[in-house]
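Following: one structure in structure tokens, then a few remarks.
The values are calculated or read from the model by the stated rules, or taken from the named source; none is laboratory data. Everything numeric in this text was worked out from a predicted model, so none of it was measured. Here the Cβ positions follow ideal geometry from the backbone for every residue, glycine too, while neighbour counts run over all protein chains shown.
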Amino acid sequence: MVDPRTQQIGRRAVLAGALASSSALAFTGIGASPATAAPGRRPAGLRGRGVHYDTGFFLAGVEASSHEPFDPKLVEREMRVIRQDLHCNAVRLFGSDRHRLDVAAGLAARAGLEVWYSPFTNDLDQDEMLAFLTEAAKTCERLRRRGHRVVLTTGAEIAFTMKGFIPGDTFLERVAFLTSGDPRRGQVFAQMPGKINAFLARAVAAVRAHFHGPVSYASLSFEGVDWTPFDYAGFDYYPNMVDGEFPANTRQQVLDLAKHGKPVVITEFGCTSYDGASANAGKGTDAIEWDPVTNVGVRLNGDYVRDEQEQADYLLEALGIFDESGVVDSAFICTFVSRNAPTRSDPRLDVDMASFGLVSPLESGRGYRNLPWQPKAAYHAVSRYYAGRGRH
């Protein structure tokens, strides 16, 4: 029985669990947008070698975000590590607080990273989201005019994170709608692409009025995004391995992402670091029970065995597929650090092994370069991979 003081409130855990519960949906990341042009092939090799950086995701009723405390001095140091040690040339900044995003964007640009400014808001309606994006566009334009490379995404996974596309006033209520067996689900999902594309058209127009750089969006598999108004087509994509290998059709799935003719970006992919996690890549954090007040992982919900090499192998295999595809422009590993999932000596409390982080946050003390975390095997593997393919 789950302790009533805890609940699963990790954003990826809740979302992946909800999607898995619905037989009508497959969380593969393959979009349903209409083909508008032949797939655009480009020279093999990722232009953007990226990683996520969480500036803090807030859930309704939870005081703390997924990144507490937010310390700009620490963010500045970590941006330098991402550029110089992890050998990324791009970072996707996501979170719910615009001030934090603004601060992180400036620090990432100063470190020499291409900035993907990615609002990941929660429970906003359309007018509120448009206001958020308009101000974000002004920040991005200021950075662009200073000579920095910036891409603005008009949100992420808005079917769940915004009001109006799925019944429910809060994120958790919208997720619960999927698990309820509500007979309205079929109609809701049939109408969703039209509603989402109508909003995204407004969003693109709003940001282009202030920002003159490239625009994208981070989509879920069933949202049916029309990529016509965008510069990049973004997909959150978590393919599963079978017996330690990706199925043969994974490469074709990646090619299919380019059917609309726009450059493809894998806006989110990753795996956690326990034995067997690669077989359910997007659901790894389902293993964590979270404190509903602090939003920190309390314990694991079963017996798991840490396997950092499995996470490393997953990421290297996926990067190889993206690299060789000739259609993927950039890819962003989820995530640099899961600040609210610390590593602990007791295996049942070691929630870090069920996080997507490339590094393990420490509950106390200092580790790598006097920072509050230690690199995992995946960190070193990705660093070597990105360093070997760096061209700028």
> Which pairs do you get when a residue that is under 21 Å from PHE222 (Cα atoms) and polar (S, T, N, Q), found in the stretch 234-258, comes within reach of a residue that is modelled with pLDDT of 95 or more and not in a strand (DSSP E or B), reach meaning Cβ atoms under 6 angstrom, with the pair 6+ apart or on two chains?
Replying inline: ASN240/ALA279; ASN240/ALA281; THR250/PRO239
> Which residue pairs have Cβ atoms under 9 Å apart, sit 6 or more places apart or on different chains, and have a first residue in the stretch 54-71 that is closer than 19 Å to ILE82 by Cα and at pLDDT 90 or above and a second that is of a type in the set (Lys, Arg) and outside any loop (DSSP other than H, G, I, E, B)?
Replying inline: THR55/ARG100; GLY56/ARG100; HIS67/ARG100; PHE70/ARG100
>> Looking at the stretch 316-329, I want the residues that are in contact (Cβ under 8 Å) with a residue 40 or more places away in the chain and of a type in the set (Gly, Ala, Ser) and have a partner that is buried (at least 16 other Cβ atoms within 10 Å of the Cβ) and assigned to a helix (DSSP H, G or I) with Cβ atoms under 6 Å, at least 6 apart or on another chain. Which pairs are those?
In response: SER325/VAL254
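Among the listed residues ASP346, ASP352, ASP303, identify the single one that is outside any helix (DSSP H, G or I), among the acidic types (Asp, Glu), out of contact with any His (no Cβ under 9 Å at 6 or more places or on another chain) and touching a residue at least 12 places away in the same chain (Cβ under 8 Å). Working first, answer last.
Working: ASP346 fails: touching a residue at least 12 places away in the same chain (Cβ under 8 Å); ASP352 fails: outside any helix (DSSP H, G or I).
None of the other options fit; the residue is ASP303.
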> Are any of the residues in the stretch 194-201 surrounded by 15 or more Cβ atoms within 10 Å (Cβ to Cβ), assigned to a helix (DSSP H, G or I), modelled with pLDDT of 95 or more and touching a Leu at 6+ places or on another chain (Cβ under 8 Å)?
Replying inline: no
> Between a first residue in the stretch 377-392 that is surrounded by 12 or more Cβ atoms within 10 Å (Cβ to Cβ) and β-branched (Val, Ile, Thr) and a second residue that is at pLDDT 95 or above and in a helix (DSSP H, G or I), which pairs have beta carbons less than 9 Å apart while being 6 or more apart in sequence or on different chains?
Replying inline: VAL382/ALA312; VAL382/LEU315; VAL382/LEU316; VAL382/LEU319
>> Given the options THR250, THR294, THR267, THR285, name the one that is more than 30 Å from LEU143 (Cα to Cα) and crowded, with 23+ Cβ neighbours inside 10 Å.
In response: THR285
